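The values are calculated or read from the model by the stated rules, or taken from the named source; none is laboratory data. Quick caveat: nothing in here was measured; it's all calculated off a predicted structure. Quick reminder, even Gly has a Cβ in these numbers, built from the backbone with ideal geometry, and neighbours come from all protein chains shown. We work out accessible area using only protein heavy atoms, side chains counted, and drop any ligands, DNA or RNA first. Shrake-Rupley method; radii C 1.70, N 1.55, O 1.52, S 1.80 Å.
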Amino acid sequence: MADSQRRQSSGTGEDDEVEARFAESRRAMVIEQLARRGIRDPRVLGAMGTVPRHRFVDGALAEDAYEDRPLPIGHGQTISQPYMVARATELAAPRDTDRALEVGAGSGYQVAVLAELCAQVYAVEIVPALAEQARRALAGAGYRNVVVDSFDGGGGCPAHAPYDVIIVSAGAPRIPPLLVAELADGGRLVIPVGRPEEQELAVVRREGDHYVTSYDTRCRYVDLLGRFGVGGAVPAA
């Protein structure tokens, strides 16, 4: 992401010390949790080492932000494990000219990672309170090339389609066909699919009028909400 798209705030000396400590935690996360486990794309590793994950969790959990696990963000949802964010991003192979969509934005962390790597990121979160939380966190971290809306993203986001990259950050029983239809030629969709206890990251690539699907890492995400999710449940506003 261009330097003009994100600002780094300068605070007091104490704030600088805290941020330096978090920066060291991010560096250790990238080395120990990502690179040593097979994440190879240097752009993805760079983004993971830049995005301040502690700003996308509740303040009481900030010290746990760089641990190798998901964390609760309220409303029965979680911020995904760093490794899974990195792997999904690596499989999506984002380029700096890409238009990206994330479905299931949660607190906005995956949005921020994509914002480091793409020209423009659109994100959808079905829970309005989480969408607002994501907007605040992204604005506070200085991300300007992002738009977060609140509706059932499993049915796609046609207003800004087509997309070069689509990442779904929640598990679905099958690949939502309307999302596949919004891929640009050469676009990549990454989504956890399968039964809750047996999910895998599916990768759909559009090649002209053909779509090629492959499967990668086993995983366990929270359930995708909405009509294409588990049970088709739509939460109350």
Exercise for review: Kindly indicate whether any position in region 229-237 is of a type outside the set (K, R), open to solvent by less than 20 Å² (accessible area, probe 1.4 Å) and either under 18 Å from the mean Cα position of the chain (by Cα) or under 23 Å from L117 (Cβ atoms) (or both).
Suggested key: yes
Revision key, fill the gap. Within region 148-163, residues open to solvent by less than 10 Å² (accessible area, probe 1.4 Å), touching a residue at least 40 places away in the same chain (Cβ under 8 Å) and of a type in the set (G, A, S) come out as G153, G154
Study note, to complete from the structure: Screening R99, R136 for residues that are surrounded by fewer than 22 Cβ atoms within 10 Å (Cβ to Cβ), basic (K, R) and more than 15 Å from the chain's Cα centre (by Cα) leaves only R136
Check your understanding: Which of the residues belonging to region 164-186 are open to solvent by 10 Å² or more (accessible area, probe 1.4 Å) and either more than 15 Å from R95 (Cβ to Cβ) or part of a loop (DSSP other than H, G, I, E, B) (or both)?
Key -> S169, P173, R174, I175, P177, L178, V180, A181, E182
Exercise for review: Scan region 45-60 for residues that are in a helix (DSSP H, G or I) and open to solvent by less than 10 Å² (accessible area, probe 1.4 Å) and jot them down.
Suggested key: A47, M48, R53, F56
Review point. Looking at region 187-231, which of its residues are in a loop (DSSP other than H, G, I, E, B), in contact (Cβ under 8 Å) with a residue 12 or more places away in the chain and over 26 Å from R37 (Cα atoms)?
Key: G208, L224, L225, G226, R227, F228, G229
Review point. How many residues does region 141-154 hold that are closer than 20 Å to T50 by Cβ and either in contact with a helix residue (DSSP H, G or I) (Cβ under 6 Å, 6 or more places away or on another chain) or part of a strand (DSSP E or B) (or both)?
Key: 6
Review point. When both residues are 6+ apart or on different chains and their Cβ atoms are under 7 Å apart, which pairs have a first residue that lies in region 43-55 and is farther than 9 Å from A65 by Cα, and a second that is open to solvent by 30 Å² or more (accessible area, probe 1.4 Å) and hydrophobic (A, V, I, L, M, F, W, C)?
Key: L45/A35
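Residues checked against (1) under 17 Å from P192 (Cβ atoms); (2) at pLDDT below 95; (3) not in a loop (DSSP other than H, G, I, E, B):
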{"site": "E63", "(1), (2), (3)": "no, no, yes"}
{"site": "M84", "(1), (2), (3)": "yes, no, yes"}
{"site": "L101", "(1), (2), (3)": "yes, no, yes"}
{"site": "G106", "(1), (2), (3)": "yes, no, no"}
{"site": "A112", "(1), (2), (3)": "no, no, yes"}
{"site": "L130", "(1), (2), (3)": "no, no, yes"}
Check your understanding: Any chance region 31-43 includes a residue that's under 23 Å from R206 (Cα atoms), hydrophobic (A, V, I, L, M, F, W, C) and assigned to a helix (DSSP H, G or I)?
Key -> no
Practice item. Give the residue that is most open to solvent (accessible area, probe 1.4 Å), with candidates limited to residues of region 114-128 that are in a strand (DSSP E or B) and not small (G, A, S). Key: Q120
